[in-house]
Amino acid sequence: MRLASKFFAATTLVIMALVGVAAWSLLAIDHLVRAHREITDRSLPALQIEVALQEVVPRLLRLEARYLVMRDRAYGDLLKARTERTVADLGRLDPLLASTAEITSYREAVAALATYQELVHKESALLGTRDSARAMKISEGPARAAADRLDRALAKLTEATSAEVSRAQIAVRALENRTWTMVLVALGGSLLAAVAANCFVAFRLTRSVRQLSAATGRVADGSFRKPLIVQSSDEVGDLTLAFNHMAEELREVEEHKQQFFSQISHELRNPLTAIRASAQLLLMRPADLLDAKGRHWVQSIDTSVDRLLSLVTRILDLNRLRAGVFPLELHRIELDKVVARAIDVLGAQAEQQGVILDSKSTGQDFAITADEEGLTQIILNLTGNAIKFTPSGGSVRVEVTDAGTYLELIVRDNGPGIPAADIHRVFEPYQQAHQGRKGSGLGLAIVKELVSAHGGTIAVESEEGKGTCMTVNLPKAALAS
């Protein structure tokens with residue numbers, strides 16, 4: 001169905017529906033009365049009790065502290081009485097709650113209060129045996145945790161009840177508006193309903209356009225994989241088909257580009273290797289057969305060839321990583337030790353640039369099943385970048401944290417930071433956030449692919465003038481092949 005037919009059909013259906021407006025208005029008035037009664041008889045009393053209960057938790061904690069410090073039985077009796085009163089107030093809430101969120105938070109509050117009451121009883125018993133140290137330990141540990149849970153549960157309960165009150169008030173206001181509109185403006189309602197129907201169709205249309213817009217963004221950043229589903233046979237459906245065709249063409253262009261780079265890199269490697277071997281043979285000649293000037297030229301050739309071979313290797317590595325054929329030798333290694341070796345390698349560079357380089361390990365188990373050479377490349381690249389962009393007098397820190405099922409690697413510097421407009425493209429090949437700097441723009445792209453090959457994630461946070469933080473999360477267990 002074309003768009004024009006949709007608009008016409010929607011308008012016709014709305015006009016026919018307006019015949020039932022009169023009967024609906026009577027029902028709406030009844031609903032309005034019941035909604036007001038629900039707010040007055042249930043939600044508002046519940047909200048008042050919840051607000052009062054939230055103020056009780058700090059008082060209970062103060063009484064508990066005074067009881068433990070002063071060991072005065074009067075404070076203990078007062079704490080017990082207030083706790084029991086809180087239990088009673090909490091019980092009054094039970095019949096006033098209706099929503100799932102309220103009931104869930106209520107049960108959490110009841111459980112937390114019961115736990116707190118039991119722990120306070122234990123403290124009282126310990127004080128009776130003059131074991132104030134254990135009583136204080138319970139107070140500062142489990143009892144405080146239970147009180148905090150009670151406070152959070154009450155806050156969530158108050159928030160849920162407030163949401164229910166707001167929802168009911170919004171529903172009442174909406175119902176009032178609809179009722180008066182239907183009763184007083186019956187003829188004008190047909191026009192408004194037609195407009196509403198057209199707005200609905202327009203919303204469906206704009207939703208499809210938003211999906212196309214989001215897909216366009218994914219095509220731009222290279223993350224578009226599956227074609228969009230064509231959900232209609234109108235002009236939007238035609239546009240979606242055209243978009244899918246365009247995305248497929250662009251994907252083929254990207255694949256051809258990668259193949260081109262891969263083939264060129266392979267073709268360059270052999271002659272470059274031969275040139276380097278020839279240059280090194282020349283450098284091995286005695287000094288009387290090669291003067292100083294000639295030796296300098298040959299050394300320049302050798303250095304340039306090394307740079308070109310490094311670039312070719314990076315291009316090939318990136319293509320193999322993207323194709324999923326990069327060889328990973330997985331075995332158990334200690335990430336903190338890999339970091340330490342990388343710090344030793346980069347120490348001279350950091351010292352030369354006047355940058356303070358250090359590392360920190362937090363946790364117990366840093367073992368991970370991974371490719372050691374790949375992890376070393378990740379650490380050297382991220383840390384080397386941080387050193388390169390950090391001015392003299394700055395600092396770079398590499399942190400390793402045991403986070404349970406994964407290890408967190410953080411490289412943090414206080415350099416110039418990355419412009420906000422460039423953060424989204426720092427991991428794209430051949431892109432650099434700071435123009436004019438030496439480099440191929442492949443380092444972070446390879447890092448991202450290496451992290452992904454290990455089943456991990458990488459994120460960047462940066463603020464201009466304050467520095468950059470690269471965070472890598474790597475699972476301890478190897479990916480299933």
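The values are calculated or read from the model by the stated rules, or taken from the named source; none is laboratory data. It should be emphasised that the depicted structure is a prediction, and the values quoted were computed from it without experimental measurement. So basically every Cβ, Gly included, is an ideal-geometry build from the backbone, and we count neighbours across all protein chains shown. When the accessible area is computed, the model is the full protein with side chains, heavy atoms only, and any ligands, DNA or RNA have been set aside. Shrake-Rupley method; radii C 1.70, N 1.55, O 1.52, S 1.80 Å.
Here the 3J(HN,Hα) profile of the stretch 336-350, calculated from phi with Karplus coefficients 6.51, -1.76 and 1.60 at θ = phi - 60°, is 5, 6, 4, 5, 4, 5, 5, 4, 4, 5, 8, x, 5, 4, 5 Hz, Gly and Pro shown as x.
Couplings 3J(HN,Hα) for the stretch 209-214, derived from phi with the Karplus relation 6.51 cos²θ - 1.76 cosθ + 1.60 (θ = phi - 60°), are 5, 5, 4, 5, 5, 5 Hz, where x marks Gly and Pro.
For ALA114 and LEU175, the FRET efficiency from 1/(1 + (r/R0)^6), where r spans their Cβ atoms and R0 equals 35 Å, is about 0.30.
When you filter the trypsin sites (Lys or Arg not before Pro) in the stretch 37-97 for DSSP loop state and at most 16 other Cβ atoms inside 10 Å of their Cβ, you are left with ARG71. If the cut-off is 17 Å between C-alpha atoms, which aspartates and glutamates fall inside it for LYS448, apart from same-chain ones fewer than 8 positions away? Correct list for LYS448: ASP221, ASP317, ASP371, GLU372, GLU373, GLU408, ASP422, GLU428, GLU461.
Taking all protein chains together, MET470, MET246, MET284, MET182 sort by accessible area into MET284, MET246, MET182, MET470, largest first [probe 1.4 Å]. Across the cross-link table entries LYS360/LYS476; LYS337/LYS476; LYS337/LYS466; LYS80/LYS156; LYS360/LYS466, which are compared at the Cα atoms, the separations over 23 Å belong to LYS337/LYS466; LYS80/LYS156.
Phi angles across the stretch 70-84 convert, under the Karplus curve 6.51 cos²θ - 1.76 cosθ + 1.60 with θ = phi - 60°, into 3J(HN,Hα) values of 8, 6, 8, 4, 4, 5, x, 5, 5, 5, 5, 5, 5, 5, 5 Hz, Gly and Pro given as x.
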